[in-house]
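Engineer: One structure is given below, represented as structure tokens, and several questions about it will come after.
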Amino acid sequence: MVLLAEVKKHYGKQKLFINGEWIESKSSVLHKNTNPATGEVISEFPTATKEEARAAVEAASNAFKTWKRVPLRDRALLLFNLRAKLEEHYDELCRILTQDHGRTIGEARGSVRRVIENVESACSALYGMPKSNEHINQVANGIDQYLIWEPLGPFLIITPGNIPMHAWSSFVPYAMAAGCTVVVSPSRQDPVAAEAVIKVAQEAGFPNGVINLIHGGREINKEILSQPEIKGIGFIGSNRAGHELFEMCGKLRKTSSINGNGKNHVVIMPDADLDQTAQWLLRACFGMTGQRCLGADNIVIVGDIYDEMREKFKQAAASMKLGYGLDEETDLGPLTTQAGREKVEKWIDLALSDGAKLILDGRNPKVEGYPKGYFLAPTILEGVNVDMKSARQEAFGPVASLIRGDNLDQVIEWINTKTSLGHSACIMTQDGRNARKFIQEVNTGNVAVNVAVAQPYAFFPLGSRRESFVGTAKSRMASMRMFMDEKLVISRWV
């Protein structure tokens, strides 16, 4: 076993980042943040006061007045600097993310690489974004008409516990490229990771107030969103919180990109490569310990391959090694919080009470050297049908439900009607007709063929549908339409 070094054993009392300065909160509310693998406290962080939240909004608002006028190439230079700094701190960021979130170091490397790709995409968006390129001379006698796009103002960005850095990069670089400023409110689950990426951005040289960080929570987030200077919100998290914020945006007439829960399916057709599919399913169902919005926990096996596919998948899952993610040999890390593990265990109990049966029970695993970690081993259930509550509710843990399907038409109908969520659906097949039918008819925003996680690259938006997404624009590249608004200019000079 080769265990990579932790960047720090303890990160101390975390601060707020307002107007270019790290300040200690005056709040009396202090939370403990633990390493999910060891259960040890690695930092303390505050819930900011309303006055501190207001100061962050004012800083973003004041910075916007000048940031929106910064020449395009100067904004681009700062984004290029950010990319360079992320590369410089790449290894450190990966180890911090593993220590704070619990994922494996390999998964952390992939996530930080996504952050860098999003910054690259934001640079591309800056040069290709909506601009004054719709111009008609002499639209009427002596009248010219053209369209320009302008940044809206400061935005609230709320990032989730499962992808604290990746979610940050799904909004913040694009906001800055558009000429907007931000107040970032990260999840309480992994605040060290959220702070680390802000510190790297600070090194890139952005003007004071362009990026601000507040350790908030539900009430502070609502307080920030209610401020008149804040023009909208970028959010990734639960449907419960997201839909509440969406309703608030409607009342306040603010724009939004709100991404919520998923209940994703992998469909395995009789002609699929079963050995390869079994390996792909490990990442789809157990990658990031199942804590991913594009992961899958409904595995639909069509036709007479059910028994063979079940055994191949079970054997592959049972061989996964649990441990601290800083160990290069670890296949599966802990869940991020003790509460998260308990929630998944309750979901398993729900499935069993519905009539499902365990064929691989990952509860209460013994992980040598880490008795206090929030571990849950790969868990596989069968006897699941699509009308069970567990087949319609997201597990958000390392759990897979095996479902028998008769044909593709039936399965597409299930995906489209048995859940109100619409993040992703994947199909494993060698038949182009079945693949095309699946792509055309399944009602999810992300669709994959012979890929078990329908994760788009950064220069594509995260396409989600139905109750998995509400708002005016998708995240990543598409968010440029949220951060900017149109202005039509009509002029007469003759």
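Engineer: So which residues in segment 90-114 are within 16 Å of Phe375 (Cβ to Cβ) and touching a Pro at 6+ places or on another chain (Cβ under 8 Å), if there are any at all?
Structural biologist: Of everything in segment 90-114, those that are within 16 Å of Phe375 (Cβ to Cβ) and touching a Pro at 6+ places or on another chain (Cβ under 8 Å) turn out to be His101, Gly102.
Engineer: Oh, and also: Considering segment 252-275 alone, what residues qualify as being surrounded by fewer than 23 Cβ atoms within 10 Å (Cβ to Cβ), closer than 22 Å to Ile439 by Cβ and either among the basic types (Lys, Arg) or out of contact with any strand residue (DSSP E or B) (no Cβ under 8 Å at 6 or more places or on another chain) (or both)?
Structural biologist: If the condition is that a residue be surrounded by fewer than 23 Cβ atoms within 10 Å (Cβ to Cβ), closer than 22 Å to Ile439 by Cβ and either among the basic types (Lys, Arg) or out of contact with any strand residue (DSSP E or B) (no Cβ under 8 Å at 6 or more places or on another chain) (or both), then Asp271 is the only one that fits.
Engineer: Counting just the residues of segment 248-266 that are within 30 Å of Met428 (Cα to Cα) and part of a strand (DSSP E or B), which one comes out farthest from the chain's Cα centre (by Cα)? Spell out the reasoning first.
Structural biologist: First, the residues of segment 248-266 that are within 30 Å of Met428 (Cα to Cα): 258-266.
Restricting the remaining residues to those that are part of a strand (DSSP E or B) gives 258-259, 265-266.
Working: Ile258: 11, Asn259: 8, His265: 18, Val266: 20 Å.
Residue satisfying both the conditions and the ranking: Val266.
Engineer: Here's another thing I want to ask about it. All but one of (1) crowded, with 19+ Cβ neighbours inside 10 Å; (2) at pLDDT 95 or above; (3) over 20 Å from the mean Cα position of the chain (by Cα) hold for Glu195; state the number of the condition that does not hold.
Structural biologist: Condition (3) is where Glu195 drops out.
Engineer: Regarding segment 300-314, can at least one residue be identified that is assigned to a strand (DSSP E or B), closer than 23 Å to Ala339 by Cβ, in the same structural domain as Ala395 (by TED's automatic domain parsing) and in contact with a strand residue (DSSP E or B) (Cβ under 7 Å, 6 or more places away or on another chain)?
Structural biologist: No: zero hits.
Condition check ((1) on the phi > 0 side of the Ramachandran plot; (2) crowded, with 21+ Cβ neighbours inside 10 Å) across all residues:
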site	(1), (2)
Phe45	no, yes
Arg54	no, no
Arg73	no, no
Ala84	no, no
Leu97	no, yes
Gly102	yes, yes
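Engineer: Cβ-Cβ distance below 7 Å, separation of 6 or more or different chains: which pairs start in segment 160-173 with a residue that is free of Cβ contacts under 8 Å to residues at least 12 places away in the same chain and end on one that is assigned to a helix (DSSP H, G or I) and hydroxyl-bearing (Ser, Thr, Tyr)?
Structural biologist: Pairs that qualify, where the first residue is free of Cβ contacts under 8 Å to residues at least 12 places away in the same chain and the partner is assigned to a helix (DSSP H, G or I) and hydroxyl-bearing (Ser, Thr, Tyr): there are none.
Engineer: Which condition does Ala284 not pass, out of (1) crowded, with 24+ Cβ neighbours inside 10 Å; (2) touching a helix residue (DSSP H, G or I) at 6+ places or on another chain (Cβ under 9 Å); (3) in a helix (DSSP H, G or I), if it passes all the others?
Structural biologist: Looking at each condition in turn, Ala284 falls short on (2).
Engineer: Taking segment 138-188, which residues are of a type in the set (A, V, I, L, M, F, W, C), crowded, with 24+ Cβ neighbours inside 10 Å and more than 16 Å from the chain's Cα centre (by Cα)?
Structural biologist: Phe155, Ala175, Met176, Ala177, Ala178, Cys180, Val182, Val183
Engineer: Okay, next question. Which of the numbered conditions does Asn364 fail, given that it passes all the others? Conditions: (1) polar (S, T, N, Q); (2) in a loop (DSSP other than H, G, I, E, B); (3) touching a helix residue (DSSP H, G or I) at 6+ places or on another chain (Cβ under 8 Å).
Structural biologist: That leaves (3) as the condition not met.
Engineer: Being of a type in the set (D, E, K, R) and outside any helix (DSSP H, G or I) is the filter; apply it to segment 226-247 and report the residue that is farthest from Asn62 (Cα to Cα).
Structural biologist: Applying the filter and picking the extreme gives Lys231.
Engineer: How many residues does segment 56-69 contain that are surrounded by fewer than 17 Cβ atoms within 10 Å (Cβ to Cβ) and within 19 Å of Ala201 (Cβ to Cβ)?
Structural biologist: To start, the set of residues in segment 56-69 that are surrounded by fewer than 17 Cβ atoms within 10 Å (Cβ to Cβ) comprises 62, 65-66, 68-69.
When the remaining residues are screened for being within 19 Å of Ala201 (Cβ to Cβ), the result is 62, 66, 68.
Looking only at that region, the number is 3.
Engineer: Now for a separate question. Do any strands (runs of 3 or more DSSP E) entirely within segment 379-494 hold 2 or more residues that are at pLDDT 90 or above, and if so, which?
Structural biologist: 379-382, 399-405, 424-428, 446-449, 484-492
Engineer: Further, regarding this structure: Residue under question is Tyr374, and the condition is that it be in contact (Cβ under 8 Å) with a residue 12 or more places away in the chain, in a loop (DSSP other than H, G, I, E, B), within 22 Å of the chain's Cα centre (by Cα) and over 23 Å from Met388 (Cα atoms); does it hold? Break it down into steps so the answer makes sense when it comes.
Structural biologist: Values: in contact (Cβ under 8 Å) with a residue 12 or more places away in the chain: yes; in a loop (DSSP other than H, G, I, E, B): yes; within 22 Å of the chain's Cα centre (by Cα): yes; over 23 Å from Met388 (Cα atoms): yes.
Spelling it out, Tyr374 is indeed in contact (Cβ under 8 Å) with a residue 12 or more places away in the chain, in a loop (DSSP other than H, G, I, E, B), within 22 Å of the chain's Cα centre (by Cα) and over 23 Å from Met388 (Cα atoms).
Engineer: Those residues that are surrounded by 15 or more Cβ atoms within 10 Å (Cβ to Cβ) and aliphatic (A, V, I, L, M), I need them from segment 19-43; list them, please.
Structural biologist: Ala37, Ile42
The values are calculated or read from the model by the stated rules, or taken from the named source; none is laboratory data. Please read all numbers here as calculations on a predicted model, not as lab measurements. Because the Cβ atoms are built from the backbone with ideal geometry, glycine has one as well, and the counts that use them run over all protein chains shown.
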